[in-house]
Amino acid sequence: MTNARFRFLALLLASTIGVAAGAQKIAVGIAPVFDGGGEEFGPTVAQHLTLFVYQNLLGSHSAQPSLLSPGGVYSPLDTSWLVEYVQDRPEISLLLVATLKPVINPSKEHWIIPVDLELLNARSGDTVASWSVNTAIDSHKTLMDYGQVIIQQQSETRFGGRLKGVYTGVPSRDFEKQPLGKATAQLASSIRQTLEAKLAGLSPATPAPASQSALVSAVASGAAASCPINVRITYSYKHAASHAYVLLANGLDESTDLKDGVASFSAPSGELLLQFSVNDAPYKLQKENLYQFSSINTCKLSTLIVDLGPGGDARAHWE
């Protein structure tokens, strides 16, 4: 087991224990980081930063994170779609919206990479707090790093052909070791610190909805350590299902042996991180190149249906 894999499993375990014990946690939905910077490395940083923020917050004492996948129509310039997207998620109280901005000092040797953030009320869409974080990096290391990531991902993943200037692989553990990866990790750490400071100033007495309490109870009251799961990806608006996709569950490829479009594997109870890319999407579906979202596996139900709507939004439910 790699160190990165071990650290992630440790975070999942800590999160499960924290959910059972931490009734004061505030459920925060994490929207995909929006690439508003226009830089060549933007898609790479946006995908990794989304994942890093989620992983960092798994160890938070004040936030309970959920990764959201609102689809290709999502934009931080109009968050009404995001608010509508979570209306069937009453356990989520707040939404974290991050936007990667253009680099500062682009003609200089040292670049500053800024990220703007908004914390929204999940029901009304009103802004609760807003702030910015940034980190610095040598510009030549940024460009060198980006090229290395593309080559590494192209040789080790099955996410389609390499496109010039486009990052097509899943977030890479090796990325963390590179200069741009370290800068992205620093951004994620700053986001966690500032978010927790913002949450500390909010009313902590927001009770968890009944649906969330049921999930917590199910996980904490003797669910199996590991249980079988079947995942199906559907396009219900087209009355169809995907039969060609790549799926990672908690960092492991679970789609090497799909049967009738179903990925079958075992996973521990608690947080379940899914990352996938579909290769047979309906025409004009505004899908994301890479979906990343989380769910709670209680081991009470065994089938997870992930449905992609016409806006590319991913909605999941257990059966």
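Summary of values
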{"read-out": "Among residues of segment 242-295, those that are among the hydrophobic types (A, V, I, L, M, F, W, C), part of a loop (DSSP other than H, G, I, E, B) and under 29 Å from L96 (Cα atoms), counted", "value": "3"}
{"read-out": "Condition broken by W111, with the remaining ones in (1) out of contact with any helix residue (DSSP H, G or I) (no Cβ under 9 Å at 6 or more places or on another chain); (2) over 16 Å from G29 (Cβ atoms) satisfied", "value": "(1)"}
{"read-out": "Every residue from segment 99-108 that is buried (at least 17 other Cβ atoms within 10 Å of the Cβ) and either of a type in the set (D, E, K, R) or touching a helix residue (DSSP H, G or I) at 6+ places or on another chain (Cβ under 7 Å) (or both)", "value": "L100, K101"}
{"read-out": "Of residues in segment 297-315 being among the β-branched types (V, I, T) and modelled with pLDDT of 95 or more, the one farthest from A240 (Cα to Cα)", "value": "T303"}
{"read-out": "Long-range neighbours under 7 Å by Cβ, at least six apart or interchain, first residue in the same structural domain as I30 (by TED's automatic domain parsing) within segment 90-101, second modelled with pLDDT under 95 and of a type in the set (S, T, Y)", "value": "P90/S211; E91/S211; S93/T206; V97/T79"}
{"read-out": "G270 on the phi > 0 side of the Ramachandran plot and of a type outside the set (F, W, Y)", "value": "yes"}
{"read-out": "Any chance H48 is under 14 Å from the mean Cα position of the chain (by Cα), at pLDDT below 95 and either outside the structural domain of G312 (by TED's automatic domain parsing) or of a type in the set (D, E) (or both)", "value": "yes"}
{"read-out": "Matching residues, segment 1-39, being part of a loop (DSSP other than H, G, I, E, B), modelled with pLDDT under 95 and not hydrophobic (A, V, I, L, M, F, W, C)", "value": "T2, G22, Q24, K25, G36, G37, G38, E39"}
{"read-out": "Selection from segment 130-154 of residues that are surrounded by fewer than 17 Cβ atoms within 10 Å (Cβ to Cβ), among the hydrophobic types (A, V, I, L, M, F, W, C) and modelled with pLDDT of 95 or more", "value": "W131"}
{"read-out": "Contacts under 6 angstrom Cβ, first residue in segment 226-252 being at positive phi, partner assigned to a strand (DSSP E or B), 6 or more apart", "value": "N250/L273"}
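The values are calculated or read from the model by the stated rules, or taken from the named source; none is laboratory data. On a predicted model such as this, the values are computed, not experimentally measured, just so you know. Every residue, glycine among them, receives a Cβ derived from its backbone with ideal geometry; neighbour counts consider all protein chains shown.
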